[in-house]
Amino acid sequence: MSTKHIGKQTIIFSNPPSIDGHACVVGKKEGEGPLRNSFDYIGEDSYFGEKSWEKAETAMQKMAFSMACDKASVTPSSVEYVFAGDLLNQCVASAYSLRDTNIPFFGLYGACSTMAESIALAAIMVDGAFANTTAAVTSSHFCSAERQFRFPLEYGGQRTPTAQWTATAAGAVIITSQGNGPFITHVTTGRIKDAGITDMNNMGAAMAVAAYDTLTAHFNDTKLSPSDYDLIVTGDLGAIGHSIVMDFFKKDGVDLAPNYDDCGLMLYDRKEQDVHAGGSGCGCSASVLCGYLLNGMRNGRWNRILFAATGALMSPVTTGQGESIPGICHAVTISVNKGI
């Protein structure tokens with residue numbers, strides 16, 4: 001009988017895994033935003049020294065993983081499993097970034113929820129004593145995502161007010177069984193939720209119901225309340241989805257406003273940068289977490305955060321067929337204290 005599974009969707013770790021190293025790499029636009037001082041590397045252009053945007057995304061992942069290993073004082077060869085994903089077909093940015101490492105690899109697709117999904121699975125592997133050292137790596141690239149999901153940049157199409165800007169960014173964390181933290185104490189696995197949204201330029205609304213469902217499940221399973229967290233952060237709902245989640249909880253008599261934010265609203269300055277409803281993409285929440293949030297925890301700004309990354313589980317094919325956009329959200333509790 002499981003002693004780690006609580007409620008319907010949540011795992012509580014008996015020996016909370018430690019985030020020993022974390023790093024993030026971003027593009028020029030992201031480096032011009034309000035979180036510029038929290039990034040490990042800011043690219044000068046969208047190519048990162050490569051000949052295509054897809055290869056640039058692979059380069060970003062390689063760089064983030066290497067820097068995270070350096071910060072954790074581990075060699076890449078000592079990492080026993082890597083969980084990685086991105087937005088490209090067949091997760092090729094992740095596969096190509098790790099193909100020469102000889103590390104056992106789990107390729108993941110959770111859309112923009114992939115950072116939380118990869119951390120959750122990497123932590124489960126460590127807590128279950130299947131490994132001592134694992135890694136979670138995630139990325140996205142504005143240009144490669146636009147080419148795959150929407151229109152070639154040369155098309156110059158108009159973006160709707162609800163549209164979000166796919167972040168050019170990558171993040172990586174090294175998770176170990178014996179470290180000094182921050183520690184991963186809980187994981188709440190999301191369920192697929194579909195609000196019936198068919199507009200691929202309104203992903204915040206499509207994902208909001210999944211965020212609400214997972215956060216509600218987390219609070220019910222753990223018997224914790226929003227006030228037990230210094231910060232609750234979703235990603236990447238942007239302005240539209242963030243507002244919808246706030247409204248859902250308000251109807252339940254819960255005010256999230258004091259400590260709730262969204263990575264899609266944190267990464268860019270919406271008044272100065274043309275990102276419309278905010279940021280999106282796997283790299284958005286990954287870079288905010290692996291830079292600003294984890295740095296803040298190490299500096300004493302927050303003691304416990306709930307990181308709830310959201311994803312729109314769509315493809316160009318299903319969108320073209322008029323299918324609605326299912327959403328997913330996975331939540332991870334990160335604490336500076338190992339005691340639960």
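The values are calculated or read from the model by the stated rules, or taken from the named source; none is laboratory data. Quantities reported herein were computed from a predicted structural model and do not represent experimental measurements. FYI the Cβ positions are ideal-geometry reconstructions off the backbone, even for glycines, and counts take in every protein chain you see.
Any chance segment 196-210 includes a residue that's under 30 Å from CYS69 (Cα atoms) and modelled with pLDDT of 95 or more?
Looking through segment 196-210, none of the residues is under 30 Å from CYS69 (Cα atoms) and modelled with pLDDT of 95 or more.
Please go through segment 178-198 and pick out each residue that is in a loop (DSSP other than H, G, I, E, B), of a type in the set (A, V, I, L, M) and either touching a strand residue (DSSP E or B) at 6+ places or on another chain (Cβ under 8 Å) or at positive phi (or both).
Listed by number, the residues that qualify are ILE192, ALA195.
Since ILE42 meets every condition but one in (1) aliphatic (A, V, I, L, M); (2) surrounded by 19 or more Cβ atoms within 10 Å (Cβ to Cβ); (3) more than 21 Å from HIS330 (Cα to Cα), which condition does it not meet?
It is condition (2) that ILE42 fails.
Just the residues that are surrounded by 24 or more Cβ atoms within 10 Å (Cβ to Cβ) and in contact with a helix residue (DSSP H, G or I) (Cβ under 8 Å, 6 or more places away or on another chain), please, taken from segment 116-132.
Matches in segment 116-132: ALA116 only.
Being out of contact with any Asp or Glu (no Cβ under 6 Å at 6 or more places or on another chain) and either outside any strand (DSSP E or B) or not small (Gly, Ala, Ser) (or both) is true for just one of ALA131, ALA136, ALA84, ALA95. Which residue is that?
Numbers: ALA131 fails: out of contact with any Asp or Glu (no Cβ under 6 Å at 6 or more places or on another chain); ALA136 fails: either outside any strand (DSSP E or B) or not small (Gly, Ala, Ser) (or both); ALA84 fails: either outside any strand (DSSP E or B) or not small (Gly, Ala, Ser) (or both).
ALA95 is the lone residue from the list that is out of contact with any Asp or Glu (no Cβ under 6 Å at 6 or more places or on another chain) and either outside any strand (DSSP E or B) or not small (Gly, Ala, Ser) (or both).
Looking only at helices (runs of 4 or more DSSP H) that lie completely in segment 199-306, which have at least 3 residues being acidic (Asp, Glu) and surrounded by fewer than 24 Cβ atoms within 10 Å (Cβ to Cβ)?
Those helices (runs of 4 or more DSSP H) do not exist here; none qualify.
Working only within segment 211-244, note down all residues that are under 23 Å from GLU323 (Cα atoms), of a type in the set (A, V, I, L, M) and in contact with a Leu (Cβ under 9 Å, 6 or more places away or on another chain).
Across segment 211-244, the qualifying residues are ALA211, LEU237, ILE244.
Are any residues in segment 29-51 in contact (Cβ under 8 Å) with a residue 12 or more places away in the chain and farther than 18 Å from MET266 by Cβ, and if so, which ones? Outline the logic, then answer.
Applying the first criterion (in contact (Cβ under 8 Å) with a residue 12 or more places away in the chain) to segment 29-51 yields 29-35, 38-46, 48.
Within segment 29-51, TYR41, GLY43, GLU44, ASP45, SER46, PHE48 meet the criteria.
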